[in-house]
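In what follows, a structure is listed as structure tokens, so that the remarks can point back to it.
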Amino acid sequence: MSFSLRGIRRQSALITMAAAAFVLISPIEAQAAFQSSAGAATTVGTATLNPVSGATVSTSKCGTILTAAYLTVSWTATPSTFATGYTVTPLLNGSALSAISVPSRTTTTVDVPVIRGLLATYPYTFRIQAVAGNWTSTTVTTSPAYNCPAVA
């Protein structure tokens, strides 16, 4: 019996093509299983961002007619140690002006530039909130309204 080399090559090529066709045509089924035996505990806490207290306003920096006028707003720090600062919002005749950011929990005083009254008075009150990230405390509003007179 003699085998030709050409016949063996042809037969090998046919077997290879048949195997490739079988792999490509036959459905491939994949199976997977997942098991988890680990337990995880999640601790969830709650907190309240407490407001400031003892808010006061001082007119000691109203200056003279030739200098800038400031009202000094002071408060007692929030007892919430996770607070990151405060927002102080001046209100002129009850209308909110641009808020002032105080970026420290331990800073409890801010000088706010105000309009000095020449022929009229400009009454200011202030809203103060403690801040921690996106949290804000309830608002504390100073009372009564304060202004810097024309001549101090």
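Quick notes on this one:
- When each of Thr89, Thr142 is tested for being touching a residue at least 60 places away in the same chain (Cβ under 8 Å), crowded, with 16+ Cβ neighbours inside 10 Å and among the hydroxyl-bearing types (Ser, Thr, Tyr), the lone residue that passes is Thr142.
- You will find that of Thr72, Thr89, the residue that is among the hydroxyl-bearing types (Ser, Thr, Tyr), at pLDDT 95 or above and farther than 14 Å from Tyr146 by Cβ is Thr89 and no other.
- Residue satisfying all of: in region 112-140; polar (S, T, N, Q) and over 22 Å from Gly54 (Cα atoms); nearest to the chain's Cα centre (by Cα) among these: Asn134
- Listed by first and then second residue, the pairs linking a residue in region 41-58 that is under 19 Å from Val110 (Cβ atoms) and small (Gly, Ala, Ser) to a residue that is part of a loop (DSSP other than H, G, I, E, B) and modelled with pLDDT of 95 or more, with Cβ atoms under 8 Å apart and 6 or more places separating them unless they lie on different chains, are Ala55/Thr142.
The values are calculated or read from the model by the stated rules, or taken from the named source; none is laboratory data. Keep in mind the model is a prediction, meaning the values are calculated, not measured. All Cβ positions, glycine included, derive from the backbone under ideal geometry; neighbour counts span all protein chains shown.
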